[in-house]
1. Kindly compute the accessible surface that chains A and B hide from a 1.4 Å probe when together, both sides summed, and give it to the nearest 100 Å².
2. Counting other C-beta atoms within 10 Å, and keeping those with at most 16, which DSSP coil chymotrypsin sites (Phe, Trp or Tyr not before Pro) do you find in the range B:112-218?
3. How compact and how long is the range B:47-108, expressed as Rg and Dmax of its alpha-carbon atoms in Å?
4. Select from B:76, B:308, B:90 the residue whose mean-square fluctuation is largest in a Gaussian network model of chain B (Cα-Cα springs shorter than 10 Å).
5. What dipole magnitude, in Debye to the nearest 20, does the range A:53-134 give about its Cα centre under +1 on Lys/Arg Cβ and -1 on Asp/Glu Cβ?
6. Rounded to the nearest 500 deg cm²/dmol, what is the calculated helix-only ellipticity per residue at 222 nm for the protein assembly as shown, with -39500 (n - 2.57) per DSSP H run of length n ≥ 4?
7. Using DSSP to call loops (not H, G, I, E or B), can you name the trypsin sites (Lys or Arg not before Pro) in the range B:169-259 whose Cβ has at most 10 other Cβ atoms within 10 angstrom?
8. Which log10 I(q)/I(0) values does chain B give at q = 0.09 Å⁻¹ under the Debye formula, counting every alpha carbon as one identical point scatterer?
Amino acid sequence: MAVKGLPASWRKIPQRYNLIGDECKTCGERFFPPVTICPNCRRTGSLERYKFSGEGEIFSYTVVRAAQEGFDFQIPYFLGIIKLKEGPLVISQIVDSDPEEIDIGKKVKTVFRKVREDGSDGVIRYGYKFILDR
Amino acid sequence: MRKVAIVGIGITKFGELWEMSYRSLAAEAGLKAVEDAGLSGDEIDALYGGTMTPGLFTDGQEHGGPLLADAAGLTGIPSTRIEAACASGGAALRQAYISVGSGINDIVVAGGVEKMTDVLTPSATFALMGAGDQKWEGFYGVTFPALYAMMARRHMYEYGTTEEQMALVAVKNHANGSKNSNTQYPFKVTLDQVMNSTPIADPIKLLDCSPITDGAAAVILASEDKAKELTDTPIYIESSGMATDTLALHDRKSLSRTDAAIKAGKDAYKLAGITHNDVDLAEVHDCFTIAEILAIEALGFCNIGEGGKFTEEGETEMGGKIPVNTSGGLKAKGHPVGATGIAQAVEITEQLRGEAKARQVDGAEIALTHNVGGSGATCVVHIFKRRN
Ligand SMILES: [Zn+2]
């Protein structure tokens, strides 16, 4: 893997740390991860930053038992596609939750966690993960 | 558009080929195709090569256009690398088809190659994740099996598809692949063996996955006039459909349906003036067993949600309503990502020429290939026809 400079990680801090995405003031749709243009309105769209609540429910999930480099030490781990309360779907790990309880439709909320150590920029990476919300 | 036909095919053995390099694989497939077409090589006007990431899979080498032309002894001609992740081969075939169809070129090579076993599995897994969204999927530890697992989970939830039905795709494709000498895994597997294989990303198990593979394939395309001079059995490309969806799975309208494949299929049927009922056999992108179920639904061979049942009823087996993946599919044959779309066209050409031996679908006239990039962000569909 190529060794990276810091700006690529720094640029994504608002999204990864604070779940900040976009809202289109023209059509009202909210986007996370952030978009570069509103896919509904294109040139007539008007994007503003929007902070998501971090609440949602499990839309789909899996348990990863064979990881890519950098995640081997975490296996097995749960991944979920989460439907945020405000609409969009987002992917991340589901942590600190009873595996028996993880299922489609279960309520979750975000927590701030270390995602992986020693990225290609030499920086420990943090971001949102999800836990069951009871 | 002029009529375009396949006049030559070449394919290497697929597998973990330690003695073969990226360049030697490309050269072998290319030379076999040139020989099969009865050409010297001087007649070739251009080359399009499908390859996903030789840089990450081997030694940092990019600039695939001249790399492939050099390897095949064709230095000098226009040569372009086409990258569409695991659909790179299908996308290269489409560019070659457009290039001959447009009248710019008369004889063109469409090739595909990937050398995947020079790196260790975690590095290959990272490289493959480049087909997804590295920023918003890969960053969080997402792998390709995990993406397809979450599609499978959703398909099970919405339609009642079972793990056994998915496993039956592997059983069928290994049975077909056992009759194909180029195959990486030319052996049969039982339902129990698939169900009891190592879990990778639940509900996906090891034998639901296509392997990591080295291999290359090439086809030679010619205009109708040239094709008739070169061969008595030109196989016509009737149409090409291609569509894209969001790079990331979570941005899609549905996880249990592949919209790019639905669109590419519809466009290809329309351009060829046929419906799914006219298709005699299909090679579809079964990178995971759930992917074949999604494919046969998207292409209209069965209704959305009924792919599991359709498979269970044997409709996609040899002798079924629509034989799918007679080659063994990506599952048994292997999946050298850039080569896969071209390897599909090689199988279809053998079938329509009537040269598929033990795998032959009797009386096959019209066939289809379906090649997917990533978790469905690219789909390329081609329709082929044998004419008397
Ligand atoms: Zn909008």
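The values are calculated or read from the model by the stated rules, or taken from the named source; none is laboratory data. Not measured: the values here are computed from a predicted model. Ideal geometry is used to build each Cβ from the backbone, glycine not excepted, and the neighbour counts take in all protein chains shown. What goes into the accessible areas is simple: the full protein's heavy atoms, side chains included, and nothing from ligands, DNA or RNA. Shrake-Rupley method; radii C 1.70, N 1.55, O 1.52, S 1.80 Å.
1. On the way: alone 8510 and 14770 Å², together 20320 Å².
The contact between B and A buries close to 3000 Å².
2. Working: sites: B:126, B:136, B:139, B:140, B:148, B:157, B:159, B:187; in loops: B:136, B:187.
Hits after loop and neighbour filter: B:187.
3. Taking only Cα atoms of the range B:47-108, I get Rg and Dmax of 11.9, 37 Å.
4. The residue with the greatest mean-square fluctuation here is B:76.
5. Working: 12 positive and 14 negative charges, 43 e Å.
It comes to approximately 200 debye.
6. Details: 16 runs with 156 residues, N = 522.
Taken over the protein assembly as shown, the calculation gives -8500 deg cm²/dmol.
7. Numbers: sites: B:172, B:179, B:188, B:205, B:226, B:228, B:252, B:253, B:257; in loops: B:179, B:188, B:252, B:253, B:257.
Listed in order of number, the matching sites are B:253.
8. -0.44
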